[in-house]
Amino acid sequence: MGFIQKDALRTMITSYLGVVLGYLNKAILFILILTTEQIGLMNLLLSVGLLFAQFANLGTVYTTWKFFPFFNNKDKSHHGFIPFMLLIVSVGILIFTSISFLLRKNIEEIYISRSPLFSEYFIWIIPIGIAYVFFMVFEVYLRSLYKNLLAVVAHEIVLRLILTVLLVLLWIGWIDFEQLVIFHSISYVIPTVILILYLKKIREFHLSVSSIQISKRFKKILIQFSAINYVNTLGFVLVTSLDLLMVSQMLGLKETGVYSTMVFFAGVISVPYKSLHRVSVPLVSDYWKHRKMDKMQDLYTKFSSVSLVIGLLFFLLIWLNVDPLFSFLPTEFIAGKWIFFFLIIGKLFDMFCGLNGSILVTSKKFKYDVYFTLLLVGVVYVLNLLLIPKYGAIGAAISTLMALILYNTIRLFFVAYHFKMVPFTKLQLPLLLLGLLTLFVGSFTIQLSDNPIIQLIIQTSLFTILFIVPLYILKLDPETVGFVKKMLAKAKKALGLR
């Protein structure tokens with residue numbers, strides 16, 4: 001995993017810079033400048049806008065992952081593969097923009113009673129959706145070319161810097177809230193433009209329809225694959241978006257503001273996972289093409305182990321310090337503590353299961369994942385209907401946790417049965433037990449001091465002694481420990497130390 005680690009490290013560092021900016025925006029400026037209802041609106045507009053993009057892309061993302069290696073030929077403009085994908089996307093945009101206008105009144109009526117602001121600003125999901133669907137096409141294209149960093153910079157850094165500037169302008173009174181919503185929506189065009197300019201610079205921006213040299217038979221295969229994975233992608237996106245949509249509909253924008261903020265906080269744990277995933281998926285497609293099953297199995301287990309270590313590190317560090325961390329938030333957000341807990345456990349389980357989804361959807365058995373996802377959508381919808389009225393936003397978080405466990409468990413068994421691959425190793429059990437021990441001991445020291453800073457120091461020291469030190473000394477994950485040793489050796493060399 002040498003080059004994967006190197007590329008993932010760069011994208012992870014960039015992503016965490018984006019997380020810092022995101023924290024500045026959503027955990028500080030949002031809370032200082034906006035009302036809880038306005039926070040809910042901003043996050044809901046973004047969520048629905050990205051949902052629009054998932055509808056409009058018509059399954060082209062997974063198609064590019066799976067089939068681009070077969071068309072990769074720079075001298076022949078990759079046989080016009082990207083212009084063909086863009087034609088499909090353009091059709092999707094036309095269809096769903098039309099549907100959005102036709103169903104606008106119906107959608108507004110659903111939210112008018114509890115989330116009237118969403119009805120007022122609904123139209124601004126469309127610029128977000130259109131810009132992001134093109135961004136997805138170019139981003140996955142660059143991934144297939146093993147060029148990952150710029151897309152992360154454009155989306156995680158540039159976009160969040162723009163939001164920071166807009167929030168400051170609102171704070172000093174140069175713009176009002178309506179202008180903030182409009183400018184934020186339009187700003188999603190900028191990352192897409194950045195990727196286009198970069199593709200032009202490296203001479204990989206091919207738009208000519210005449211360059212499309214794909215046989216009718218292969219076009220049919222591409223369209224069929226896109227259609228099947230489109231249903232699958234939509235199902236998964238609905239699963240991850242239903243909680244926010246149903247919370248806003250059933251509870252209102254104030255609760256949506258708290259819930260969406262907890263979603264953002266919980267997302268911190270998965271940043272390294274996403275960085276690893278970003279650089280690993282193209283390899284999965286390449287291994288399928290060349291039938292390198294031994295390498296895929298090796299990647300599968302190493303990915304799971306590294307993701308588990310990273311996930312446990314962040315989960316334990318955050319949860320052991322959850323009370324002092326939440327003490328810095330306004331009182332209305334403190335109720336989100338258990339929302340955060342269930343969401344972060346779900347993400348940890350998702351990370352532990354590794355590349356099961358990527359292996360499945362890029363294989364010849366990809367059709368089965370559609371059935372799993374459709375089943376999951378139904379389960380999540382029913383769970384939300386049952387749990388949100390009873391437990392409020394915490395019920396939505398529990399539903400999301402159960403959904404991720406169910407979905408990943410089904411995929412794990414399917415990949416194990418059909419491809420004889422599992423992501424687990426014998427060292428992962430003692431690693432999990434070590435994590436549980438750290439969590440158990442930490443529960444007895446969680447209120448040793450009323451001073452949040454002192455409590456942070458106590459819990460972080462305990463975490464280091466009980467988890468970090470044994471992990472490193474016992475080499476419970478050789479891949480991670482080896483990587484840390486390399487980084488330490490480079491740091492010593494750079495500092496002139498022996």
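Structure data summary
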{"quantity": "Residue check for residue 305: buried (at least 20 other Cβ atoms within 10 Å of the Cβ), of a type in the set (Ser, Thr, Tyr) and more than 30 Å from residue 222 (Cα to Cα)", "calculated": "yes"}
{"quantity": "Residue in segment 416-426 that is part of a helix (DSSP H, G or I) and β-branched (Val, Ile, Thr) present", "calculated": "no"}
{"quantity": "Residue in segment 38-48 that is surrounded by fewer than 23 Cβ atoms within 10 Å (Cβ to Cβ) and at pLDDT below 80 present", "calculated": "no"}
{"quantity": "Segment 272-314: number of residues that are among the polar types (S, T, N, Q), over 26 Å from residue 468 (Cβ atoms) and at pLDDT 85 or above", "calculated": "1"}
{"quantity": "Check on residue 300, in a helix (DSSP H, G or I), touching a residue at least 24 places away in the same chain (Cβ under 8 Å) and within 30 Å of residue 339 (Cβ to Cβ)", "calculated": "no"}
{"quantity": "Unique residue being modelled with pLDDT of 75 or more, in the same structural domain as residue 29 (by TED's automatic domain parsing) and either crowded, with 16+ Cβ neighbours inside 10 Å or part of a helix (DSSP H, G or I) (or both) when the list is 222, 170", "calculated": "170"}
{"quantity": "Count - residues of segment 436-452 that are at pLDDT 90 or above and either surrounded by 18 or more Cβ atoms within 10 Å (Cβ to Cβ) or in contact with a Lys or Arg (Cβ under 9 Å, 6 or more places away or on another chain) (or both)", "calculated": "1"}
{"quantity": "Selection within segment 427-466 - in a helix (DSSP H, G or I), of a type outside the set (A, V, I, L, M), within 25 Å of residue 327 (Cα to Cα) and touching a residue at least 24 places away in the same chain (Cβ under 8 Å)", "calculated": "435, 438, 442, 452, 455, 459, 460, 463"}
{"quantity": "Matching helices (runs of 4 or more DSSP H) fully within segment 321-410 where at least 2 residues are under 30 Å from residue 451 (Cα atoms), within 21 Å of the chain's Cα centre (by Cα) and hydrophobic (A, V, I, L, M, F, W, C)", "calculated": "337-352"}
{"quantity": "Set 117, 150: member being closer than 25 Å to residue 32 by Cβ and assigned by TED's automatic domain parsing to the domain that holds residue 32", "calculated": "117"}
{"quantity": "Test for residue 287: is it in contact with a Gly (Cβ under 9 Å, 6 or more places away or on another chain), of a type outside the set (Lys, Arg) and more than 30 Å from residue 257 (Cβ to Cβ)", "calculated": "no"}
{"quantity": "Enumeration of residues in segment 174-202 that are at pLDDT 90 or above and either not in a helix (DSSP H, G or I) or not hydrophobic (A, V, I, L, M, F, W, C) (or both)", "calculated": "174, 175, 176, 178, 179, 184, 185, 187, 188, 191, 192"}
{"quantity": "Residue check, residue 462 more than 30 Å from residue 284 (Cα to Cα) and surrounded by 12 or more Cβ atoms within 10 Å (Cβ to Cβ)", "calculated": "yes"}
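Okay, residues lined up against (1) surrounded by 21 or more Cβ atoms within 10 Å (Cβ to Cβ); (2) among the aliphatic types (A, V, I, L, M); (3) within 28 Å of residue 444 (Cα to Cα):
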{"position": "325", "(1), (2), (3)": "no, yes, yes"}
{"position": "349", "(1), (2), (3)": "no, no, yes"}
{"position": "355", "(1), (2), (3)": "yes, yes, no"}
{"position": "359", "(1), (2), (3)": "yes, yes, no"}
{"position": "363", "(1), (2), (3)": "no, no, no"}
{"position": "378", "(1), (2), (3)": "no, no, no"}
{"position": "386", "(1), (2), (3)": "no, yes, no"}
{"position": "410", "(1), (2), (3)": "no, yes, no"}
{"position": "420", "(1), (2), (3)": "no, no, no"}
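The values are calculated or read from the model by the stated rules, or taken from the named source; none is laboratory data. Predicted model only: the values in this text are computed from it and were never measured. Heads up, the Cβs are rebuilt from the backbone with ideal geometry, glycines too, and the neighbour counts pull from every protein chain shown.
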